[in-house]
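A.B. asks: One structure is given below, represented as structure tokens, and several questions about it will come after.
The values are calculated or read from the model by the stated rules, or taken from the named source; none is laboratory data. None of the values given here were measured: they were computed from a predicted structure. Positions of Cβ are generated from backbone atoms using ideal geometry, with glycine treated the same way; all protein chains shown enter the neighbour counts. For the accessible areas, the whole protein counts, side chains as well, though only heavy atoms, and no ligand, DNA or RNA atoms are used. Shrake-Rupley method; radii C 1.70, N 1.55, O 1.52, S 1.80 Å.
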Amino acid sequence: MARARSTGDRLRRYQAKRDFARTPEPAGNAAATGRRPGPLRFVVQRHRARALHYDFRLEMDGVLASWAVPKGPTLDPKVRRAAFHVEDHPIEYIDFEGIIPARQYGGGDVIVWDTGTWEPVRESDAADPVRAVADGEVHMALDGEKLHGRFVLVRTRRDSSGKEEWLMLHKNDEFAVAGWNAEDWPRSVLSGRTNDEVKADPDRLWRSDLPAARAAVLLKPVAVTAAELAQLDALGESGVWSVHGRDIPVTHLDAVMFAKRGRQRPVTKRELLRYAAQIGPTALPYLTDRALAVHRYPNGVRSKGSWQRAVPKSAPEWLPRWTNPASGRAELVAGEPAALVWVSEHGGIEWQVSVARTDAWDQPTHVVIDLSGGRWPEVLVAARLYRTAIDHLRLTARAKLSGAGGLEIWIPASGAGFADTRAWAEDLSESVAAVLPEMAKGAATVRIDHAQNAEGGAVIAPYSPRATPGAPVSAPVEWDALDDRGLKPDVLTVRSVPERADADGDPFRAIVDRRQALPALR
Ligand code: MN
């Protein structure tokens, strides 16, 4: 199918209608899509924007040729439906079901009303369906869930501005049904849901300001499935793992990444990837929209590691990223669970995130009190004293095991700059030490680090593994777990954390979106 016209050219009209000002990357990459092997696909999306209509889209030449059909396709051979030829859509849109933000082009809700495969009926169209569209007449056979048989799209009018009116009709074949009306079959063939149901509880958002490969943003990450985990177990040393909606090449699955601790088996890369997929949906709220720095140990944690922030050229196009305004560089950000699997496949064992979000670099979302050094019982004593002070101030906070020797206390803070949060953390530490004499005595060896409460501050992300034997995890714990005698900084590992998250939930859910102002301390 060689031809001069590129997919990129064909997408230009789509792109022109959208605002890519916020993203300097190319917004739909011809090389990445192109012609895919196998039969051509079609989709009909029921789209409630300014007015209800059905978007009829045919895969051709790596994009979706598209028509808006106000009343929807019909199987009734006596009925002709008006159709308006609209700009080609990126192929990534083919299974999109969710909402489009109100201010953006096409704002509203979308369901996949029908999908399946299509074939050009005329031999000349088969050789060049794009030409058939340009010539104003497409004869096709559809094989979908609702639509079957032969359809014709034919152009009836083209005005001086290039706006095209077409007609869509169904041939009188064995699939013809008199009186058949699309509105009588209102549910999605993907989810079984109606537009109202999707609007009330959408799974995905279409960010048309992002490049097509990343435009479908997951609103509610879903748990990894047993079938996905079984597929990983069934792979040999390497292969392609289809997980969280992405195909991720995986390698060296039986390599030891973490040496054994005590009598346990060493932890392999397969187990690391399994953990990343399992914990991704739980960890995501603490990673999304935050700059990610990854401590990579491609040959396991016994070898020397290196830090990575930049998105490598070899990264797949779907991998979420943000542009650091300081460097102009595309950097990592984990905006979906599959990104953690990709990071882990590349030996990224420790995940460090910024204390501020990428869109408000000078606004920390929380104060972190980092207690480390000293003996663990003393760290726990200090943590309980902070808890008493924080409860007294009627603030909500939670603790997180470092996975190494210490513990952090996370206190959500809104409306403060880094200078404020840092001064506040230091004041809190002073008053804790002054009011409670045990602090000075029992916790004398505990080091209290306020470095992360400064601009550019970063912390080990909740649920990140740590690069030490046994694969301990920096896991959030409930407030009253600080009284638990069995609590140890490295007691939770990649083997135990997913089960705990399933059974007991996420201790940080109490603070994830909490907005609270820090009260004055003096
Ligand atoms: Mn539409």
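A.B. asks: S208 passes all but one of (1) out of contact with any helix residue (DSSP H, G or I) (no Cβ under 9 Å at 6 or more places or on another chain); (2) open to solvent by less than 30 Å² (accessible area, probe 1.4 Å); which number fails?
C.D. replies: (1)
A.B. asks: Taking the stated definitions as given, is R329 in contact with an Asp or Glu (Cβ under 7 Å, 6 or more places away or on another chain) and open to solvent by 30 Å² or more (accessible area, probe 1.4 Å)?
C.D. replies: no
A.B. asks: Quickly run through segment 477-505 and pick out the residues that are part of a helix (DSSP H, G or I) and either among the hydrophobic types (A, V, I, L, M, F, W, C) or open to solvent by 80 Å² or more (accessible area, probe 1.4 Å) (or both).
C.D. replies: W479, D480, A481, L482, D483, V497, E499, A501, D502, A503, D504
Yes/no matrix, rows are residues, columns are (1) in contact (Cβ under 8 Å) with a residue 40 or more places away in the chain; (2) out of contact with any Pro (no Cβ under 8 Å at 6 or more places or on another chain); (3) open to solvent by less than 40 Å² (accessible area, probe 1.4 Å); (4) over 30 Å from P364 (Cα atoms):
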residue	(1), (2), (3), (4)
K260	yes, no, no, yes
L273	yes, yes, yes, yes
A283	yes, no, yes, no
Y297	yes, yes, yes, no
S306	no, yes, no, no
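A.B. asks: Filter segment 217-243 down to residues that are touching a strand residue (DSSP E or B) at 6+ places or on another chain (Cβ under 9 Å) and modelled with pLDDT under 85 and give me whichever is nearest to Y93 (Cα to Cα).
C.D. replies: V217
A.B. asks: Additional query: With respect to P469, is the statement that it is at pLDDT 95 or above, part of a loop (DSSP other than H, G, I, E, B) and either open to solvent by 30 Å² or more (accessible area, probe 1.4 Å) or not β-branched (V, I, T) (or both) true?
C.D. replies: yes
A.B. asks: When you scan segment 332-377, how many residues do you find that are farther than 29 Å from L273 by Cβ, free of Cβ contacts under 8 Å to residues at least 60 places away in the same chain and small (G, A, S)?
C.D. replies: Residues that pass the stated criteria total 1.
For every residue, the table says whether it meets (1) within 28 Å of the chain's Cα centre (by Cα); (2) of a type outside the set (D, E); (3) within 19 Å of P519 (Cβ to Cβ); (4) at pLDDT 95 or above.
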{"site": "G373", "(1), (2), (3), (4)": "no, yes, no, no"}
{"site": "P377", "(1), (2), (3), (4)": "no, yes, no, no"}
{"site": "Y386", "(1), (2), (3), (4)": "no, yes, yes, no"}
{"site": "A389", "(1), (2), (3), (4)": "no, yes, yes, no"}
{"site": "A397", "(1), (2), (3), (4)": "yes, yes, yes, yes"}
{"site": "T421", "(1), (2), (3), (4)": "no, yes, yes, no"}
{"site": "A433", "(1), (2), (3), (4)": "no, yes, yes, no"}
{"site": "M439", "(1), (2), (3), (4)": "no, yes, no, no"}
{"site": "A443", "(1), (2), (3), (4)": "no, yes, no, no"}
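A.B. asks: Got a sec? Which strands (runs of 3 or more DSSP E) wholly within segment 30-128 have at least 2 residues that are within 11 Å of the ligand (Cβ to nearest atom)?
C.D. replies: So the answer is 40-48, 52-60, 63-69, 80-90, 108-120.
A.B. asks: Related question: Which residue pairs have Cβ atoms under 7 Å apart, sit 6 or more places apart or on different chains, and have a first residue in segment 419-430 that is in a helix (DSSP H, G or I) and a second that is open to solvent by 70 Å² or more (accessible area, probe 1.4 Å)?
C.D. replies: Pairs that qualify, where the first residue is in a helix (DSSP H, G or I) and the partner is open to solvent by 70 Å² or more (accessible area, probe 1.4 Å), are D427/R522.
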